[in-house]
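A.B. asks: I have a structure here, written as structure tokens, and I will follow up with some questions on it.
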Amino acid sequence: MNAIDPNLLATSRAARLRQMLVSNQLEFIMEAHNGLSARIVREAGFKGIWASGLAISAQFGVRDNNEASWTQVVDNLEFMADASDLPILLDGDTGYGNFNNVRRLVRKLEQRGIAGVCIEDKQFPKTNSFIDGERQPLAEIDEFCGKIKAGKDSQTDDDFSIVARVEALIAGWGMEEALRRAEAYRQAGADAILIHSKLSKPDEILTFAREWAGRGPLVIVPTKYYSTPTEAFRKAGISLVIWANHLIRVAASSMQAVAREIHESETLVNVEDRIASVNEIFRLQDADEYSAAEKIYLSGAQVPGAAVVLAAGRGKGLEALTEDKPKIMLPVAGKPLLRWLVDGFKKQGINDITVVGGYQAQAIDTAGIKLAVNERHAQTGELASLACAADAMQTDTVIAYGDLLFRSYILRDLLESDAPFSVVVDSSQTAPSNQSVRDFAWCSGGDDRDLFGQTITLKKVSDTLPAAGEAQPNGRWIGLFSVRGEGRAKLQALLAKLRERPDFDQLDLPDLLNALVEAGEKIEVKYVHGHWRGVNDLDDFRRAGDFAHTQTPYALGNVDGEANGEAAR
Ligand code: SPV
Ligand code: MG
């Protein structure tokens, strides 16, 4: 992301827009149509926003014919200006009336922190230039110049800009008329000329720019001549390019794809991991600022949970790939296994994440996590690693194997459990299908939908399958274990007790679960049926890539039916 120069932020928005118009480098502004898209434009690195008439009317679900009133547009702009500190250039259509309406518009825009307005020389109510452009009547030159003068005379901030948009080429009036109008508008006080074209080639824009010969800043909207290399605009001396409608268009196509998918599949499970998480929406709304303020102004605010990820191992059968890094740093579908897990936690609002490393711990990417190191990892099991993170368990904590990929609802459902202890068990895995499968789970009942609402508890976890005739497992523990409330102190006490055992260094997480059961604690079972992967060997890695791809965002990945094919092994 291009950071915005902090010095620029010190100047007013109007001054920044004016600077973009008069600077001798080519500048770009991006369409936004509401507060959220304004924030997104800012985060993408743009220096300014085009408040497009087409996009704003479209997001209201009305036509670009002044069906939304000008005050509705201005109210919408207020949300945009609040959500983003970028300068906003309003597409003010024809100025919504005569010179007097323009005067009032300019005053109201200044009051809402808008940096400038573009008015076009058509007649109110206008129609979008790309709909029968040649049939649209143009304003009289003198009348339009009066609007420009009235607007300039009514602004109180000298830096507020009025851009005059010439529609002569759109309406088929020719180059000479376009130049005549542009010159008249410049003399009337316009700060820049927007020359619009609906051709698929930039020819008339480039001719106009050549004839204009730098008499003032030129603004263009290359929606129709989009394949023109940007360098051509730079060479032609254009000041500002408006990318005019691309966020409303991507919003429409993404919404169409997801709405269709949910309607057809009658489930959310295929889309959840491919769309912005609810937490991402919270972030865009600046919810953290609210939480911080809550801590100052409200007592008793909730402390979020924590996670401990056990990632000390090198990975069996992966030696060739893990010479210089632990298994969890191996990439799956373009990002390290650990990142998938950490992102999964963050998505559920768990930001306090401690990763216990061991083998090549220095190679662990510590962005957004705390690292604890089990120095004796080569001689110890998982419990010794967990003990290294004992301090991290000051709040409700989820303990996880580091080599897990899972659909986000699995963690969400686990977090919703109020039980002191709970685990996730996959009822689709009751027999080994490859050598690395372990952690079979025996429970107080099977995954029977008829038992809905009843609590199932864990009886035992073991990697040894029973002989025929003995009780068969009800599934496989996937490696997620949540400890809440009073469970925390109990877990710490049990860990301390287990540490005294001579075989402590050999103990793994299933031993802890079994010890809790033996101590009479109830461990609630949350059943799932697939939708996760343990990544233990090379084969798993290959399949994990497919699994992860089903979770890439719609805008980036494919939208075909692959999302259904990843039930675990
Ligand atoms: C808009 O974005 O509303 C514009 C540009 O006015 S265009 O749609 O190209 O006319
Ligand atoms: Mg418009």
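The values are calculated or read from the model by the stated rules, or taken from the named source; none is laboratory data. Computed from a predicted structure; not experimentally measured. No Cβ is skipped: glycine too gets one built from the backbone with ideal geometry, and neighbour counts run over all protein chains shown. Surface accessibility is based on the protein's heavy atoms, side chains included, excluding ligands, DNA and RNA. Shrake-Rupley method; radii C 1.70, N 1.55, O 1.52, S 1.80 Å.
A.B. asks: To one decimal place, what orientation-averaged projected area in nm² is obtained for the convex hull of the Cα set of the chain?
C.D. replies: 31.6
A.B. asks: If I histogram all Cα-Cα distances within region 8-244 using bins 5 Å wide from 0, what percent of pairs lands in each bin?
C.D. replies: 1, 7, 16, 20, 22, 19, 11, 4, 0, 0
A.B. asks: Same structure again: For region 133-207, with every protein chain kept in place, what is the accessible area per residue (1.4 Å probe, Å²)?
C.D. replies: Result: 42 Å² per residue.
A.B. asks: OK, next. Given H placed on each backbone N at 1.01 Å, which residues far from residue 370 in sequence or on other chains put an amide H within less than 5 Å of it?
C.D. replies: 353, 354, 355
A.B. asks: With labels modelled as points extended 7 Å from the Cα through the Cβ direction, what inter-label distance (nm, one decimal) is found for residue 324 paired with residue 290?
C.D. replies: Result for the modelled spin labels: 4.6 nm.
A.B. asks: Relative contact order of region 214-336, please, whole-number percent, based on alpha carbon pairs below 8 angstrom and at least 6 residues apart.
C.D. replies: 13
A.B. asks: Once neighbouring chains are kept in place and the probe is 1.4 Å, which whole percent of the accessible area of the chain is contributed by carbon and sulfur?
C.D. replies: Result for the chain: 50 percent of the exposed heavy-atom area is carbon or sulfur.
A.B. asks: Using only the alpha carbons of region 308-382, determine the length spanned along each of the three principal axes and report them from longest to shortest in whole angstroms.
C.D. replies: Here the spans come out as 33, 27, 18 Å, largest first.
A.B. asks: So for the chain: antiparallel DSSP bridges make up what percent, rounded to the nearest 5? Please report the intermediate quantities before stating the final value.
C.D. replies: Numbers: 22 of 69 bridges.
Percent antiparallel among DSSP bridges in the chain is about 30.
A.B. asks: Before rounding to the nearest 500, sum -39500 (n - 2.57) across all DSSP H runs of length at least 4 in the chain and divide by the residue total; then give [θ] at 222 nm in deg cm²/dmol.
C.D. replies: -11000 deg cm²/dmol
A.B. asks: Grab the alpha carbons of region 354-477, take their convex hull, and tell me the volume per residue in Å³.
C.D. replies: 153
A.B. asks: What order do 499, 210, 103, 376 take when sorted by accessible area (1.4 Å probe), most exposed first?
C.D. replies: Correct descending sequence by accessible area is 210, 499, 376, 103.
A.B. asks: Right, something else. Express the C-alpha Rg of region 409-536 as a ratio against the empirical globular expectation 2.2 N^0.38 Å, rounded to two decimals.
C.D. replies: Dividing the Cα radius of gyration by 2.2 N^0.38 Å gives 1.05.
A.B. asks: Please list 412, 39, 438 in order of solvent-accessible area, largest first, computed with a 1.4 Å probe with all protein chains present.
C.D. replies: From most accessible down to least: 412, 438, 39.
A.B. asks: If amide H atoms are built 1.01 Å from N in the plane of the peptide, which residues on other chains or at least 5 residues away come under 5 Å of the amide H of residue 167?
C.D. replies: 121
A.B. asks: Going down the table (460/522; 126/147; 47/122; 47/335; 122/235), which pairs top 18 Å between alpha carbons?
C.D. replies: On the way: 460/522 11 Å; 126/147 16 Å; 47/122 29 Å; 47/335 30 Å; 122/235 30 Å.
Going by Cα-Cα distance, 47/122; 47/335; 122/235 fall outside the 18 Å limit.
A.B. asks: Please give the per residue accessible area of region 1-102, computed with a probe of 1.4 Å over protein heavy atoms only, in Å². The partial results should precede the final answer.
C.D. replies: Working: 4270 Å² over 102 residues.
Here the per-residue accessible area is 42 Å².
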